[in-house]
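Here the structure is laid out as C-alpha cells; the discussion comes afterwards.
The values are calculated or read from the model by the stated rules, or taken from the named source; none is laboratory data. If you're wondering where the values come from, they're calculated on a predicted model, not measured in any experiment. Virtual Cβ from ideal backbone geometry, glycine too; neighbours counted across all protein chains shown. These area figures cover heavy atoms from the full protein model, side chains too; ligands, DNA and RNA do not enter into them. Shrake-Rupley method; radii C 1.70, N 1.55, O 1.52, S 1.80 Å.
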Amino acid sequence: NLQESESENKLDGETASDSESKSEFGGSPPVPTSDDTPEVLNRALSNLSSRWKNWWVRGILTLAMITFFFIIIYLGPMVLMTIVMCVQIKCFHEIITIGYNVYHSYDLPWFRTLSWYFLLCVNYFFYGETVTDYFFTLVQREEPLRILSKYHRFISFALYLTGSFCMFVLSLVKKHYRLQFYMFGWTHVTLLIVVTQSHLIIHNLFEGMIWFIVPISCVICNDIMAYMFGFFFGRTPLIKLSPKKTWEGFIGGFFATVLFGLLLSYVMSGYRCFTCPVEFNNDTNSFTVDCEPSELFQLQEYNIPSVLQSVVGWKTVRMYPFQIHSIALSTFASLIGPFGGFFASGFKRAFKIKDFANTIPGHGGIMDRFDCQYLMATFVNVYIASFIRGPNPSKLIQQFLTLRPDQQLHIFNTLRAHLLDKGMLGGLEDA
C-alpha cells in the first residue's frame, strides 16, 4: 500500500517538499471549478450521452463566442483594446483566486488589496508607454498628458515602490512570512504572464488589425479543428498532460489552420481598415485606420516551384506577401501554440483543478480560452519586430516638431549636409 501511495504521488509530480508545504499552509484541496451549463441546454441535451452532450455544449458556446468576436471587430480597435483589458483583468482574477484558495491566504493582511494595486501600477506603466509611443502628437498637444508622459516612468516607479513594495514589507506578519512571500511571487508571475502579454496584444493591434485578428483566428481555428479531428478520428494519445489530445487532432489541426490562415489573410489584405496601423488624426481629432497599403498588402506574382507546376497546372500565382507571413503565424499557432495549453494543463494538474474558473459552460474560465493566445501574442510581437517593422517616418517627424527651433535647425543642417554628400540634393542646389 505504501509503495502504491508513493507511485501515485510520483505520477502526480508531487514531492516530499510539496507535502510539507501542504501541512504548513493547511493543505491544498481542489478549487471548485465545475461548469455551470445553462438549464435550457441541460434539458435540450438530456437524452444524449455525456460525450455528445459535451460536444454540443462546447459547439454552441464556441459559436456564441465567435459571434461576439465578430461584433467587437466591427466596433473597431478602441473597443478591441477595451475588451483585451477586460480579459486581462478576468484572467488575473482567476489565477489570483486559485492561489488565494490553494494556499489558504484568507488571513493574510492586505493580500488582495496589494494584488490589485500591483495590477493597477503595471497597467499604468504599460498603457502609458503605449499611448506615448503610438499617439505622440496627441500627448504633446495636451499639457496634462505632456507632463505625465515626461515623468511617466518616474511616476510608475514611485507608485510601485511606495504603494506596493513598501506596503507589502509593512504588512509582513511573523507567523506567515513564508506564505506571504509565496503569494508575493505568485502575484508577480501572474503579472508577467497576463499583463505583459496583454500589452503585446495591444501593440500588435496598433500595427494593424490584421496582426491582431489573423493570429487570434488561427489559434481559434486550430483549437476547433484539433478538437474535431480528435473527436472523430483520434486514436493515438499525444501528451500525458492532456490525455484527450491526440496525434490525429494535432496533425489535422495543423493542416486546417495553415489553409485557414492563407484564406483569411487573402480576404483581409484587400481592406485598408484591417491593414492600416491605428493613428491619431489631428485634423479630425479622432483615431483613424486609413493609409496607403504597404507592399505587404499589394498583390504580387510569384513563380511556383517546377516540382509543383505539374501538379497544380500553374506556373505563377498572384498573392499578397502577407499570406507568406501568415504561413509562419498559422504554423506557430498549430505546432507551438498548443504548448501554451499544455503548460496550463500542467499548472491545473499541479493544483488538482479541472479549470481556472467556470465562467464559460463547457470551456471553463477565460484563462482556459486565452492560455494559447498569450503565447501567440508574444510570438507575433517578436515576429513583427524582427521581420516586418522598420523606421517609421511619421513618428520621427512628430518628435522632430516637438524640439526647440534651434534643435530643429541643427537636425535640418545635419540632414542637408548628409544628403549633399550623397549627391541627392545636387540638382536642388544648382536650382
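Coupling constants for the range 341-357 follow from the phi torsions by the Karplus curve (6.51 cos²θ - 1.76 cosθ + 1.60, θ = phi - 60°), and in residue order they are x, 5, 4, 5, 5, x, 4, 5, 5, 4, 10, 6, 10, 7, 9, 5, 6 Hz; glycine and proline get x. Here residue 181 sits with roughly 110 square angstrom of accessible surface, probe radius 1.4 Å.
An oblate overall shape is assigned to the chain, the ratio a/c of its alpha-carbon gyration tensor axes (a ≥ b ≥ c) being 1.5 or greater and a/b not exceeding b/c.
On a 21 Å Cα-Cα criterion, which of the cross-link pairs 240/354; 244/354; 53/348; 90/174; 175/352; 244/352 come out too long?
Values: 240/354 15 Å; 244/354 13 Å; 53/348 24 Å; 90/174 32 Å; 175/352 26 Å; 244/352 17 Å.
As for pairs spanning more than 21 Å Cα to Cα, those are 53/348; 90/174; 175/352.
The listed residues 412, 351, once ranked by accessible area (1.4 Å probe) with the largest placed first, stand as 412, 351. Residues 186, 314, ordered by accessible area of protein heavy atoms at a 1.4 angstrom probe radius and largest first, appear as 314, 186.
Using the Cβ-Cβ distance between residue 331 and residue 354 with R0 set to 22 Å, the FRET efficiency from 1/(1 + (r/R0)^6) comes to roughly 0.15. Simple rule: put +1 on each Lys or Arg Cβ and -1 on each Asp or Glu Cβ in the chain, find the dipole, and look at 170, 149, 419; the Cα lying farthest toward the positive end is 170. Amide H contacts of residue 245 (H built 1.01 Å from N, in plane; Pro and chain starts excluded): 238, 239 sit under 5 Å, all sequence-distant by 5 or more or on other chains.
The accessible area of residue 211, taken with all protein chains in place and a 1.4 Å probe, comes to roughly 10 Å².
Counting only protein chains, not ligands or nucleic acids, how are 52, 110 ordered by accessible area (probe 1.4 Å), most first?
110, 52
Averaged per residue, the chain has 58 square angstrom of accessible surface, using a 1.4 angstrom probe with ligands and nucleic acids left out. In a reduced charge model with +1 at each Lys and Arg Cβ and -1 at each Asp and Glu Cβ, the chain shows a dipole moment near 620 debye about its Cα centre.
Which trypsin sites (Lys or Arg not before Pro) does the range 308-406 hold that lie in a coil by DSSP with at most 15 other beta carbons within 10 Å?
Those that pass, being in a loop and sparsely packed, are 315, 352, 354, 389.
Using the alpha-carbon positions of the range 114-167, Rg (one decimal) and Dmax (whole number) come out as 12.1, 37 Å. Can you classify the range 161-223 as rounded, prolate or oblate using the Cα gyration tensor, where a ≥ b ≥ c are the square roots of its eigenvalues, rounded means a/c under 1.5, and otherwise it's prolate if a/b beats b/c and oblate if not? Cα axes put the range 161-223 in the oblate bin. Once all protein chains are placed together, residue 87 keeps about 20 Å² accessible to a 1.4 angstrom probe. Where a ≥ b ≥ c are the square roots of the eigenvalues of the C-alpha gyration tensor, would you call the range 177-329 rounded, which needs a/c under 1.5, or, failing that, prolate if a/b is larger than b/c, or oblate? Taking the square roots of the gyration eigenvalues as a ≥ b ≥ c, the range 177-329 is oblate. Under 5 Å from the amide H of residue 320 lie the amide H atoms of 300, each residue being 5 or more positions distant or on a separate chain, with H modelled from the backbone and absent for Pro and chain starts. A crude spin-label estimate for the pair residue 169 and residue 389, with each label 7 Å from Cα along the Cβ direction, gives 3.5 nm. Phi angles of the range 374-383 translate, via the Karplus equation with coefficients 6.51, -1.76, 1.60 and θ = phi - 60°, into HN-Hα couplings of 5, 5, 5, 4, 5, 4, 4, 4, 5, 5 Hz per residue; Gly and Pro are given as x. Considering the chain as a Gaussian network with a 10 Å cut-off on Cα pairs, which listed residue, 271, 134, 177, attains the greatest mean-square fluctuation? Its mean-square fluctuation being the largest, the pick is 177. Taking the Kirkwood radius as Rh and the Cα radius of gyration as Rg, the range 64-199 has a ratio of Rg/Rh equal to 1.05.
Counting only the Cα atoms, the range 139-249 fills a convex hull of 149 Å³ per residue.
A straight chain from residue 403 to residue 154 at 0.36 nm per residue would run longer than the Cα-Cα distance by 87.5 nm.
What a 1.4 Å probe finds exposed on the chain is 65% carbon and sulfur by accessible area, rounded to a whole percent. Note on residue 68 and residue 310: the model spin-label points, each 7 Å out from Cα along the C-beta direction, lie 5.3 nm apart.
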